[in-house]
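The values are calculated or read from the model by the stated rules, or taken from the named source; none is laboratory data. It should be emphasised that the depicted structure is a prediction, and the values quoted were computed from it without experimental measurement. Here Cβ is always computed from backbone atoms with ideal geometry, including for glycine, and neighbour counts include all displayed protein chains.
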Amino acid sequence: MEKTLKRYFVIFTVPTIIAFAFAFIIPFAQGLYLSFCNFTTVKNAKWVGLENYKLAFAENQGFTSALLFTVGFTIIAVISINLLAFTLALALTRKIKGTNIFRTVFFMPNLIGGIVLGYTWQQMINAILYQFETTIVSNAKYGFWGLVILMNWQMMGYMMIIYIAGLQNVPTELIEAAKIDGATSWQTLIKVKLPMVMSSITICMFLTLSNSFKLFDQNKALTNGAPMNKTQMLALNIYDTFYGKTGYEGVGQAKAVVFFIIVAAVALIQLTATRSREVEQ
């Protein structure tokens, strides 16, 4: 069997490598090159060096403010989503009737598209704010917390399912041994369950971190950056630069490269930090 696999290894891997190159490596390399060029189409690119990167961080581009807003939103969203999802997972892994129905209900928002969610929540939040003669786009605080609520509502159920799978894989022998030793429910959670579900925590942290940083659809539909781009996140800022300003395509591409580096670095740091705490079962 091993000889057969070695013999046909190239046949099976080469098509995959070619497809990966055309779908990811070549477009990324081209995008990296274009970030150093001034262009309106790919064919008329003119090399300008680091000029696009200098312009990207100019004050009038709003990239720095969008970065700060994105970082603040990501911190709040990652903490709140994971805390709520883990709490729900703990509740739904108890022997209570109807837990399967609740799991389905909590998971369903993840199946709805970001644009639909954005406009839906915009109407619901504005329906409340209208009572106070204001709207979600009149104050950046409303937009910020609106995005946090939307993100929690969409991703909480998905993360909950992952946490449930992790909690169900915790050996019952460990929990029973902890009870025999006189451990309280809180001590059992901290000393037994949490270390055993670190692999699930790693996955959930990675997904919430990357999705929060890359948030676009919901931001576009809910606030579209209003008021005065104060609720504009990085992805929306890049989109507006690339498609909203003629002659700034290279600047938008430079922002996209910086965006990629930031997301990749943060994700790698998070993965390294959480995986080092995982316990082998």
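Descriptive notes on the structure:
- On inspection, Asn52 fails the criterion of being touching a strand residue (DSSP E or B) at 6+ places or on another chain (Cβ under 7 Å) and either polar (S, T, N, Q) or in the same structural domain as Gln232 (by TED's automatic domain parsing) (or both).
- Meets criteria (modelled with pLDDT under 85 and in a helix (DSSP H, G or I)) for Phe69: no
- Residues in segment 236-263 that are closer than 24 Å to Thr135 by Cα and free of Cβ contacts under 8 Å to residues at least 40 places away in the same chain: Asp240 alone.
- Of all the residues in segment 130-147, those that are part of a helix (DSSP H, G or I) and either over 19 Å from Met228 (Cα atoms) or charged (D, E, K, R) (or both) number 4.
- Segment 90-129: number of residues that are of a type outside the set (Val, Ile, Thr) and over 25 Å from Asn169 (Cα atoms): 14
- Across segment 65-78, the qualifying residues are those that are of a type outside the set (A, V, I, L, M, F, W, C) and over 16 Å from Gln154 (Cα atoms), and the one among them that is surrounded by the fewest Cβ atoms within 10 Å (Cβ to Cβ) is Gly72.
- Residue within segment 79-97 that is surrounded by 15 or more Cβ atoms within 10 Å (Cβ to Cβ), free of Cβ contacts under 8 Å to residues at least 40 places away in the same chain and in a helix (DSSP H, G or I) present: no
- Verdict on Ile201 being in contact (Cβ under 8 Å) with a residue 24 or more places away in the chain, within 17 Å of the chain's Cα centre (by Cα), surrounded by fewer than 18 Cβ atoms within 10 Å (Cβ to Cβ) and closer than 30 Å to Tyr142 by Cα: no
Here is a yes/no grid of residues against (1) farther than 30 Å from Leu167 by Cα; (2) out of contact with any Ser or Thr (no Cβ under 7 Å at 6 or more places or on another chain):
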{"position": "Leu88", "(1), (2)": "no, yes"}
{"position": "Lys97", "(1), (2)": "no, yes"}
{"position": "Ile101", "(1), (2)": "no, yes"}
{"position": "Thr104", "(1), (2)": "no, yes"}
{"position": "Leu117", "(1), (2)": "no, yes"}
{"position": "Gln123", "(1), (2)": "yes, yes"}
{"position": "Asn126", "(1), (2)": "yes, no"}
{"position": "Thr135", "(1), (2)": "yes, yes"}
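To keep it simple, each residue is scored yes or no on (1) under 13 Å from Tyr248 (Cα atoms); (2) assigned by TED's automatic domain parsing to the domain that holds Lys245; (3) in contact (Cβ under 8 Å) with a residue 60 or more places away in the chain; (4) touching a helix residue (DSSP H, G or I) at 6+ places or on another chain (Cβ under 6 Å).
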{"site": "Ile18", "(1), (2), (3), (4)": "no, no, no, no"}
{"site": "Gln30", "(1), (2), (3), (4)": "no, no, no, no"}
{"site": "Cys37", "(1), (2), (3), (4)": "yes, no, yes, yes"}
{"site": "Thr41", "(1), (2), (3), (4)": "yes, no, no, no"}
{"site": "Trp47", "(1), (2), (3), (4)": "no, no, no, no"}
{"site": "Ala56", "(1), (2), (3), (4)": "yes, no, yes, yes"}
{"site": "Ala66", "(1), (2), (3), (4)": "no, yes, yes, yes"}
{"site": "Thr70", "(1), (2), (3), (4)": "no, yes, yes, yes"}
{"site": "Thr74", "(1), (2), (3), (4)": "no, yes, yes, yes"}
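- Restricted to segment 162-241, the set of helices (runs of 4 or more DSSP H) holding at least 1 residues that are of a type in the set (Lys, Arg) and farther than 26 Å from Leu268 by Cα comprises 172-180, 217-222.
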